[in-house]
């Protein structure tokens, strides 16, 4: 009749518990990293909207900061802290050649890709009728 666990049984159970705890810690770290990535990506996408304007095509193959783009749109920014933040947000702007939609276009559309390159690159479609 047995009244206690053997040392082998105790060691195996401790090993199994350790493996499970390590797996949980790894999953938590991956979840934290993914949350930080998504947060940074969301902030980046929000700041990309500062660069999307009708006059974006004149900045093709140039690296511009958000302050310069907003100044060109007749925004007058007087706050020094805001200027500093906007000057730190910069993107390399690349605009594709007009895309051909087909030989028989019923409505003439000028269609381009706008690529904004920074830490996380983004691609937008710009079209004019």
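Quick look at the numbers
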| quantity | calculated |
| --- | --- |
| Residue in region 78-89 that is closer than 21 Å to residue 127 by Cα, loosely packed, with under 10 Cβ neighbours inside 10 Å and free of Cβ contacts under 8 Å to residues at least 24 places away in the same chain present | no |
| Residue that is modelled with the highest pLDDT [pool: residues in region 108-129 that are loosely packed, with under 13 Cβ neighbours inside 10 Å and assigned to a strand (DSSP E or B)] | 123 |
| Tabulated pairs, region 43-63, first outside any helix (DSSP H, G or I), second loosely packed, with under 12 Cβ neighbours inside 10 Å, C-beta under 7 angstrom, 6+ apart or interchain | 53/73 |
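The values are calculated or read from the model by the stated rules, or taken from the named source; none is laboratory data. Just so you know, these numbers come straight off a predicted model, no measurement behind them. Methodologically, a virtual Cβ is constructed for each residue, glycine included, from the backbone with ideal geometry; neighbour enumeration extends over all protein chains shown.
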